[in-house]
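Below is one structure, written out as structure tokens; comments come after it.
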Amino acid sequence: MKLEMNHLKTILISAGFLIALALPLTAQDGAADSATADPTEGMAELTTDQEAPAEKSLLDMIKAGGWAMWPLGLLSVATVGLAVYNAIALRTANFIDEEVISSIENSINSGDFEAAREHCVNNPGPITNTLGHVIDETLKGEHVNADSVEKAFEAASTKELTSPFVIVSYLSIIAAIAPMLGLLGTVSGMVKAFNAIAAQGMGQPDILADNISEALITTATGMTIGIPAMFFFFFFKNRYGKIVADITLILGRFYGDIVRSKKI
């Protein structure tokens with residue numbers, strides 16, 4: 001493909017920077033809203049002299065989530081980065097160049113396999129790499145048969161078409177891990193809650209509420225990450241499946257051209 005792996009690293013770093021930048025801005029917005037609110041608003045509804053509890057900002061909720069929010073944050077950054085990368089990389093133009101394919105077909109039909117190989121070398125990609133392998137392995141010898149050419153096409157295309165899908169499959173891994181990690185944070189928070197009850201009884205409900213809050217926040221965060229990751233996985237899987245189908249048709253045309261040119 002035209003995009004290299006360092007593009008993926010750049011996208012992941014950029015996504016992490018944007019998320020890290022958004023968190024303090026969200027916290028500042030929450031603080032500004034609290035500062036500008038009318039202090040007398042809603043006082044008539046209070047039945048006691050105690051003030052209403054302040055609403056937690058996003059940053060406060062992340063802090064309340066505990067240790068599990070750190071790996072979940074990394075998974076969220078990875079999800080954004082992989083989604084952006086696949087949206088850019090999995091485009092038909094990055095796999096199929098009609099002008100190059102037409103030039104290769106003309107060379108094969110005229111029996112000039114050396115020129116076809118030069119086109120493959122000068123325009124690397126799944127299609128040209130596959131055809132280049134076939135030419136190097138089967139068409140340079142004197143004895144050429146259709147079975148050997150077909151097997152060379154199958155072996156080379158499998159290798160070339162599997163590599164791009166690896167990055168897509170990372171989204172399915174995140175979709176499976178994120179909810180499980182959220183549940184692990186839930187278990188950790190509930191264990192802390194019951195330990196607090198065992199040590200101090202029910203006399204300090206604020207400590208118990210903090211532990212339960214940690215449990216619920218991590219569960220919600222894990223699902224929030226896992227659901228979009230699963231959606232993007234199937235979306236890009238279907239897109240890449242269509243690209244693979246188009247590539248397979250082109251390779252089939254190349255195979256027919258070779259058989260007719262070599263009269264095998």
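Rounded to the nearest Å, what's the spacing between the alpha carbon centres of the range 83-138 and the range 154-178? Just the number, please.
Spelled out, the Cα-based centre of one part sits 21 Å from the other.
Within a 10 angstrom radius of the beta carbon, how do T128, T224, T218 rank from fewest other beta carbons to most?
T224, T128, T218
For the range 98-156, count all C-alpha to C-alpha pairs, find those more than 13 Å apart, and express that count as a whole percent of the total.
More than 13 Å apart: 57 percent of the Cα pairs in the range 98-156.
Could you list L184, L249, L82 so that the one with the fewest beta carbons within 10 Å of its beta carbon is first and the one with the most is last?
Exposure proxy ranking, most exposed first: L249, L184, L82.
Using R₀ = 30 Å, calculate the FRET efficiency as 1/(1 + (r/R₀)^6) where r is the Cβ-Cβ separation of K262 and R239; round to 0.05.
Here the calculated transfer efficiency is 0.25.
Between W67 and A93, how high is the FRET efficiency from 1/(1 + (r/R0)^6) when r is the Cβ-Cβ distance and R₀ = 41 Å? Nearest 0.05.
0.40
Using the structure shown, select from K159/K262; K159/K242; K242/K262 the pairs with a Cα to Cα distance greater than 27 angstrom. Intermediate results must be reported in sequence, preceding the final value.
Values: K159/K262 25 Å; K159/K242 17 Å; K242/K262 31 Å.
Checking Cα-Cα distances, K242/K262 exceed 27 Å.
Expected output is a single nm value to one decimal: the length gained when fully extending between T224 and K159, i.e. 0.36 nm times separation in residues minus the C-alpha distance. What is it?
Length gained, T224 through K159: 20.0 nm.
Tell me the label-point distance for the pair I173, I197, using the 7 Å Cα-to-Cβ offset, in nm and rounded to one decimal.
3.9 nm
Values quoted throughout were computed directly from the atomic coordinates according to the rules given, and no laboratory measurement underlies them. Everything numeric here is computed off the predicted structure, so don't read it as measured data. Ideal geometry is used to build each Cβ from the backbone, glycine not excepted, and the neighbour counts take in all protein chains shown.
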